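K.L.:
Below is one structure. I have some questions about it.
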Amino acid sequence: RNSEDYEDEASPKKPKMPPQSIIANEITKAYKNTLAWRPNYKKWYRYGSEIEGLWSKNDEEFINRLISLELSSRGLEHSANYLAGVVKLLKAFLAIKDWDSARGLLPAKNGVIDLKTLKILPHSPAHKLTWQLPYDYNPKATCKPITDWLLDATKGNESLVELLRAYLFSIIYGRTDIHRYLEILGPSGSGKSTFMKLATMLVGNRNTHITKLKKLEGQFETAALLDKKLVLITDS
């Protein structure tokens, strides 16, 4: 017998890897409330990965790394093919065809507001919310400095101020059923940019997309509108 025979006997055999379907099923149970695949958009969503209480898009490379670490924590030293098989099964097990966000809820940093009762509720993955206001809900807050500025910008036109406030209200509440857009015209220094900044601050930068009409003719630009609450078209 040569030395290679003795080396083969001494070297431990690699443990047999469990079927990918079994592992994918176990990971599905562990991540069913924090990980989801949206097949319509070919995107992974993860709960609380960026902001507490929020489902946000995650790049596939990040999810692959997450699942790879999960496999390693289970003592499964795996190949790239094994990982790819598990991830492919997870897409089937965690797929959500109709992403129905809870209606009647307004998400803020400190919880979600029930728009019928105006009570604050705790965050939950079951709400399926993909956006959030960038500040705490404070029922005692007032907006007098804003209304004062609006009165000044509109030269005291109270009906126009109420229209602008109603539009801001509709942005936050997601009143897409109204089917209206706001076009602001005026000379330099009349408050157009300030009003756009105000609308952006109300919903947050991550919930706003700035574009031009020409760009919206392309499919890639319209895809960027997914999960946005405010679109600013800055054509002059």
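K.L.:
Could you check region 18-63 and list, in sequence order, the residues that are more than 23 Å from TYR82 (Cβ to Cβ) and among the aromatic types (Phe, Trp, Tyr)?
P.N.:
Within region 18-63, TYR41, TYR45, TYR47, TRP55 meet the criteria.
K.L.:
Return a yes/no flag: does region 137-151 have any residue that is assigned to a helix (DSSP H, G or I), of a type in the set (Gly, Ala, Ser) and closer than 23 Å to ILE113 by Cα.
P.N.:
Taking every residue of region 137-151 in turn, none turns out to be assigned to a helix (DSSP H, G or I), of a type in the set (Gly, Ala, Ser) and closer than 23 Å to ILE113 by Cα.
K.L.:
What tally of residues in region 203-220 results from selecting those that are open to solvent by less than 70 Å² (accessible area, probe 1.4 Å) and under 17 Å from the mean Cα position of the chain (by Cα)?
P.N.:
Here the count works out to 5.
K.L.:
I'm trying to understand the selection: among the residues of region 36-74, which are in contact (Cβ under 8 Å) with a residue 12 or more places away in the chain and at positive phi?
P.N.:
GLY48, GLY53
K.L.:
Let me ask something else. Collect the residues in region 221-236 that are closer than 22 Å to CYS143 by Cβ and open to solvent by 50 Å² or more (accessible area, probe 1.4 Å), keeping them in residue-number order. It would help to see each step written out before you state the result.
P.N.:
Applying the first criterion (closer than 22 Å to CYS143 by Cβ) to region 221-236 yields 229-230, 232.
Correct list: LYS229 only.
K.L.:
Residues to consider are ARG46, ARG65; find the one that is more than 23 Å from GLY111 (Cβ to Cβ), modelled with pLDDT of 95 or more and open to solvent by 30 Å² or more (accessible area, probe 1.4 Å). It would help to see each step written out before you state the result.
P.N.:
Working: ARG46 fails: more than 23 Å from GLY111 (Cβ to Cβ).
Answer to the check: ARG65.
K.L.:
With LYS91, LYS119 as the choices, which residue is touching a Phe, Trp or Tyr at 6+ places or on another chain (Cβ under 7 Å), over 19 Å from LEU202 (Cβ atoms) and either surrounded by 12 or more Cβ atoms within 10 Å (Cβ to Cβ) or not aliphatic (A, V, I, L, M) (or both)?
P.N.:
LYS91
K.L.:
What tally of residues in region 180-202 results from selecting those that are open to solvent by less than 60 Å² (accessible area, probe 1.4 Å) and without any contact (Cβ under 8 Å) to a residue 60 or more places away in the chain?
P.N.:
Going through region 180-202 one residue at a time, the tally reaches 10.
K.L.:
Of the residues SER170, SER159, which is surrounded by 12 or more Cβ atoms within 10 Å (Cβ to Cβ), without any contact (Cβ under 8 Å) to a residue 12 or more places away in the chain, out of contact with any Phe, Trp or Tyr (no Cβ under 6 Å at 6 or more places or on another chain) and of a type outside the set (D, E, K, R)?
P.N.:
Answer to the selection: SER170.
K.L.:
Can you name the residue in region 221-236 that is over 17 Å from the mean Cα position of the chain (by Cα) and part of a strand (DSSP E or B) and is also farthest from PRO107 (Cα to Cα) among such residues?
P.N.:
ILE233
K.L.:
Is it fair to say THR176 is among the β-branched types (Val, Ile, Thr) and at pLDDT below 90?
P.N.:
Yes.
K.L.:
Oh, and also: Quick check on this structure: which one of ALA102, ALA126, ALA153, ALA141 is within 15 Å of the chain's Cα centre (by Cα) and either open to solvent by 40 Å² or more (accessible area, probe 1.4 Å) or over 23 Å from ARG46 (Cα atoms) (or both)?
P.N.:
ALA126
K.L.:
Right, ARG165: under 30 Å from SER56 (Cα atoms), exposed (fewer than 14 other Cβ atoms within 10 Å of the Cβ), modelled with pLDDT under 95 and among the basic types (Lys, Arg) or not?
P.N.:
It is false that ARG165 is under 30 Å from SER56 (Cα atoms), exposed (fewer than 14 other Cβ atoms within 10 Å of the Cβ), modelled with pLDDT under 95 and among the basic types (Lys, Arg).
The values are calculated or read from the model by the stated rules, or taken from the named source; none is laboratory data. In this text, all values refer to a predicted model and were calculated from it rather than measured experimentally. Don't worry about glycine lacking a Cβ; one is built from the backbone with ideal geometry, like all the others, and counts go over all protein chains shown. Accessible surface is based on the protein model in full, side chains and every heavy atom, while ligands, DNA and RNA are left aside. Shrake-Rupley method; radii C 1.70, N 1.55, O 1.52, S 1.80 Å.
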